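A short reminder: the numbers here are calculations on the coordinates, not readings from a lab. Since this is a predicted model, take the numbers as computed values, not measurements. FYI the Cβ positions are ideal-geometry reconstructions off the backbone, even for glycines, and counts take in every protein chain you see.
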Amino acid sequence: MTSSTAAYLCARGVRKAYAAPGGSTVALSGVDVDIERGTFVSIIGPSGCGKSTLLQIIAGLVPASGGEIFLNGRKVEEPPPPVIYVFQQYQRSLFPWKTVQRNVAYGLENRGAYDAAEIERRTRELIRLVKLSGFENHYPWQLSGGMQQRVAIARALVCRPDVLLMDEPFSSVDALTRAGLQELLLQLWRELKFTVVFVTHDVDEAIYLSTRVVALSRAPARVAVDIAIDLPHPRDQIATRELPRYLEYRHRLLAQLFAEEGLESTARAAA
Amino acid sequence: MTDSQRVVFWRSRWLGVAFIAAILAVWEIASASGMVPSLSFPRVSAILVTWWEILRSGELLRELLPSLLRMFGGYLVGAALGVLIGLLMGSLRTVYYLLEPITEVLRPIPSPAYIPIVILFLGIDDEMKIFMIAFASFFPVLLNTYSGVRAVDPVQVQTARTFGVKGRKLLWQIVLPSAAPFIFTGMRISLAVALIVMVISEMVAASNGIGYFILAAQRGFKIQEMYAGVFTLAVVGYSFNRLFLLIENQVLAWHYGHTQQQRN
Ligand SMILES: Nc1ncnc2c1ncn2[C@@H]1O[C@H](COP(=O)(O)OP(=O)(O)O)[C@@H](O)[C@H]1O
Ligand SMILES: [Mg+2]
């Protein structure tokens, strides 16, 4: 798998079965996805279909029961340094005994590539980018949910990862905060040019952010729909969401999700 | 005294302090009036005078100092081993299955029961006492550290792993601070245990130390000195606990803030 035609990040026949009382739960049944460098790919699907599982397997955090992940042609076994995972539960993911500054510096400190002054400089730069300057010496629990998620994003990006894996990162903040975080993420993505795999159960969020949306079926999950999102950048929270093409994508993906949920009549009525 | 001040008093520590003062006053009067045998219950004022005298002559400190050195030597060794082995038991299944049964067998035996055995091996000097204090201090720290490690949030461990942190670094950077609130609980219990075992081991076999001093005073009918020794232990125990809480509040300030916010 080192041929130059292979995509930057590939999932090949990824399966996952969890041991469960009286048998096993099959979460993923052969998922194939190819992700090009620099793209923004969202993965949507019904709750419990295996989105988090897939993302954790891509991150090397959870072993697959079958199939393989390749990053830049190399098989992923351990969490690869260029890939950083941002957890859904940001309150639990930030270290409560570390200040904002020390949380953000955490990834860099363990790379051993920079001296203390350089770590400090890069950390401050990222804290500025996520608009948290002045909060360096606060603790995570002294911040609002949206601010905490921005700390988690800064901590992930300070390492300059090639791939950012995000598991429903904005699902537990209010709508306005979410819009702000979406803009921040898109802006950072355009500036720093990393690849994003973004899990969400929100169709609108997926279309708005992405260059491509992959919809998974109910568990055991496979790829059900895979569409390129051809909408102009930079996107606009109001105008983009009113484009006819946006509504077309939305229609197709919602119909697919409703069908998965056994809500065919609703889907047809909407059509 | 206004109404609001009265409410404050009835719901403050001063109520408890006044209660202690009242007990001492009753003791003083009962002893002075001969209602209780003044040989076993000397007047509190007389005990305080004796206390002051042995404090000023340096006699009390001469006994207390070796006791405190033993206690801290044993406590620090026991607590350090408890943290270390607790971390290993909590994070390595093999170590857990190896050591869990033996700790469960040894733990319920009251530590003083080991003293005769330990005397056979280590004699009756400092080695025996420090070993006993370390041994008894070890278990509460071990069990609490183990529980703390098991309670570490897997999301935090996974977060560290995505940043390439594993093995000993993971234990040191993530598991240890996460488990710190549990470890402090264990260390606070062990501090009280260490004081108890220190006194008992000195009463069983010693030629100095505060435990020895209290027992020797009783045998020599120096009852006021005996009480003065016991009062000294009350002051020592109270001060250590306060000091410990002061340090804990500093080190775990993040933990109190964090749990406060979780509750809101
Ligand atoms: N650690 C685990 N142990 C056992 N079952 C799990 C575990 N993680 C997830 N599952 C199961 O796998 C399925 C997919 O879970 P998940 O990947 O979290 O779905 P999603 O993120 O799409 O909601 C669910 O049925 C879930 O109960
Ligand atoms: Mg999930």
| What dipole magnitude, in Debye to the nearest 20, does segment A:157-271 give about its Cα centre under +1 on Lys/Arg Cβ and -1 on Asp/Glu Cβ? | 260 debye
| said: Using amide H atoms built in the peptide plane, which far-off residues or other-chain residues are under 5 Å from residue A:28 H to H? | reply: A:16, A:221
| message | Explain nothing, just the number: dipole magnitude of chain A about its Cα centre with +1 on each Lys and Arg Cβ and -1 on each Asp and Glu Cβ, in debye rounded to the nearest 20. | response | 320 debye
| Just how large is the dipole of the protein assembly as shown about the Cα centre, in debye to the nearest 20, putting +1 at every Lys and Arg Cβ and -1 at every Asp and Glu Cβ? | 180 debye
| said: Given R₀ = 30 Å, what would the calculated FRET efficiency be for residue B:124 paired with residue B:76, taking r from the Cβ atoms and rounding to 0.05? | reply: 0.85
| What is the order of A:18, A:208, fewest Cβ neighbours within 10 Å to most? | A:18, A:208
| note | Surrounding charge for residue A:247, neighbours by C-beta under 13 angstrom, Lys/Arg +1, Asp/Glu -1, total +1
| Which entries of A:131/B:169; B:129/B:169; A:131/A:193; A:16/A:98; A:51/A:131; A:51/A:98 show an alpha-carbon separation above 25 angstrom in the structure shown? | A:131/B:169; B:129/B:169; A:16/A:98; A:51/A:131; A:51/A:98
| message | Angle check, please: helix A:244-260 long axis (alpha carbons) against the longest principal axis of chain A (alpha carbons), in degrees 0 to 90, nearest 10. | response | 70 degrees
| query | In whole angstrom, how far apart do the alpha carbon centroids of segment B:149-200 and segment A:57-85 sit? | reply | 30 Å
| said: In whole Hz and in residue order, list the ³J(HN,Hα) couplings for segment B:255-263 that follow from phi through the Karplus curve 6.51 cos²θ - 1.76 cosθ + 1.60, θ = phi - 60°; x for Gly and Pro. | reply: 5, 5, x, 5, 5, 4, 5, 4, 6
| note | Whole-Å distance linking the alpha carbon centroid of segment B:204-219 with that of segment A:9-41 is 71 Å
| query | If you line up the long axis of helix A:116-129 against the longest principal axis of chain A, both from Cα atoms, how many degrees apart are they, to the nearest 10? | reply | 50 degrees
| request: Select from B:264, B:207, B:218 the residue farthest towards the positive end of the dipole of chain B; place +1 on Cβ of Lys and Arg, -1 on Cβ of Asp and Glu, and compute about the Cα centre. | output: B:264
| task | May I ask you to sort A:65, B:12, B:31 by Cβ crowding, counting other Cβ atoms within 10 Å and putting the fewest first? | result | B:12, A:65, B:31
| query | How large is ³J(HN,Hα), in whole Hz, for each residue of segment B:240-254 in order, when computed from phi with the Karplus curve 6.51 cos²θ - 1.76 cosθ + 1.60 and θ = phi - 60°, using x for Gly and Pro? | reply | 5, 5, 4, 4, 4, 4, 4, 5, 4, 5, 6, 5, 9, 3, 4
| Picking from A:27, A:215, A:175, which is most flexible by a Gaussian network model of chain A using Cα springs under 10 Å? | A:175
| field | Derived scalar couplings ³J(HN,Hα) [segment B:206-213; Karplus, 6.51 cos²θ - 1.76 cosθ + 1.60; whole Hz; x for Gly, Pro] | value | 5, 10, 7, x, 5, x, 4, 4
| query | Taking all pairs of different Cα atoms in segment B:42-263, averaging 1/r and flipping that mean, what Kirkwood radius in angstroms comes out? | reply | 19.4 Å
| query | What do you get for Rg/Rh over the protein assembly as shown if you use C-alpha atoms and the Kirkwood form of Rh? | reply | 1.15
